[in-house]
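Structure first, commentary second.
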Amino acid sequence: MIKIAPSILAADFAAMGQEVASLQAAGADLVHVDVMDGRFVPNISLGQGMVQAIRRNTALPLDVHLMIEEPERYIGEFAAAGADVISVHAEATRHLHRALGLVREAGAKAGVVLNPATSPEVLRYILDKVDLVLVMTVNPGFGGQAFIPQMLEKIAYVRRMIDESGYAIDLEVDGGIDARTARQVAAAGANVLVAGSAVFGAQDRAQAIEELKSHARV
Ligand SMILES: O=C(CO)[C@@H](O)[C@H](O)COP(=O)(O)O
């Protein structure tokens, strides 16, 4: 089952309540929330207050992607703000195993994110600690970037690792996802597709989400 997680980085921040509320009727499965600190990535986006506000405006699960240094410092606050999934970058913490444990202790599902240059081997000893692996298909920090085709090989590799592990782990991809790349990433084994521009840039968001899903049905 393919799930679509629209990234609210591409939404109208001045109308976030309505933007988020519209997504459920449009067929979204999750709301992807990009948190950036201006250190781990060269951009600043939003914090716990916005996650709380988004929580009040949707019943969809909140998929919070922390692009912040030492994410363990803020896991409790994002969980309390209403995050259902909290994903931390393998590159942002010296204690990935511990950070993932903290996410589950805080009552959220734990995700681990890999930058494009990061080897999937970093997952080898933590698959029992994660509910989701997010393979970045662009360098994190900005919406609207071009998909990096070399990531298809990484997605397929991670899919094999997950299947061999026997754990129920979602494989999410993020960056440059449109109808064409949706088909490619799904064929490689991804089952959760984050899409910013492709959803919020469309005239008809329901149609855009359905189009992504239909292209991803392989
Ligand atoms: O995490 C990020 C960027 O850091 C993504 O969630 C982007 O926001 C996706 O945007 P599009 O590439 O779909 O426009």
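Coordinate-derived values only; no laboratory data. None of the values given here were measured: they were computed from a predicted structure. Cβ sites come from the backbone with ideal geometry, for glycine too, and all protein chains shown count toward neighbours.
Here are the numbers:
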{"read-out": "Cβ-placed point charges (K, R +1; D, E -1), dipole of the chain about Cα centre in debye, nearest 20", "value": "200"}
{"read-out": "Sites matching trypsin sites (Lys or Arg not before Pro) across the stretch 109-218 that sit in DSSP coil, with at most 14 neighbouring C-beta atoms within 10 Å", "value": "Arg124, Arg217"}
{"read-out": "Simple spin-label estimate for Ala179 and Arg217 in nanometres, 7 Å along Cα-Cβ", "value": "1.5"}
{"read-out": "Estimated distance in nm for a label pair at Ala206 and Phe142, the labels positioned 7 Å out from Cα along Cα-to-Cβ", "value": "3.4"}
{"read-out": "Cα-Cα separations in the stretch 3-216 greater than 27 Å, expressed as whole percent", "value": "23"}
{"read-out": "Loop-exposed chymotrypsin sites (Phe, Trp or Tyr not before Pro) per DSSP, neighbour cap 13 Cβ within 10 angstrom, longest uninterrupted part of the chain", "value": "1-124"}
{"read-out": "Net charge of neighbours whose Cβ lies under 12 Å from the Cβ of Lys3, counting Lys and Arg as +1 and Asp and Glu as -1", "value": "-3"}
{"read-out": "Simple label model, 7 Å out from Cα along Cβ direction - Arg124 to Met1, nm", "value": "3.4"}
{"read-out": "Cα lying deepest toward the dipole's positive end in the chain, options Val33, Met151, Val20, charges on Cβ", "value": "Met151"}
{"read-out": "Length-normalised contact order of the stretch 1-160 in % [C-alpha pairs under 8 Å, at least 6 apart]", "value": "17"}
{"read-out": "FRET efficiency for Gln18 and Glu105, using Cβ-Cβ distance with R0 set to 41 Å, rounded to 0.05", "value": "0.75"}
{"read-out": "Computed [θ] at 222 nm, helices only, for the chain once each DSSP H run of length n ≥ 4 contributes -39500 (n - 2.57)", "value": "-10000 deg cm²/dmol"}
{"read-out": "Dipole of the stretch 85-124 [Lys/Arg +1, Asp/Glu -1 at C-beta], most positive-end residue of Thr118, Gly107, Val85", "value": "Gly107"}
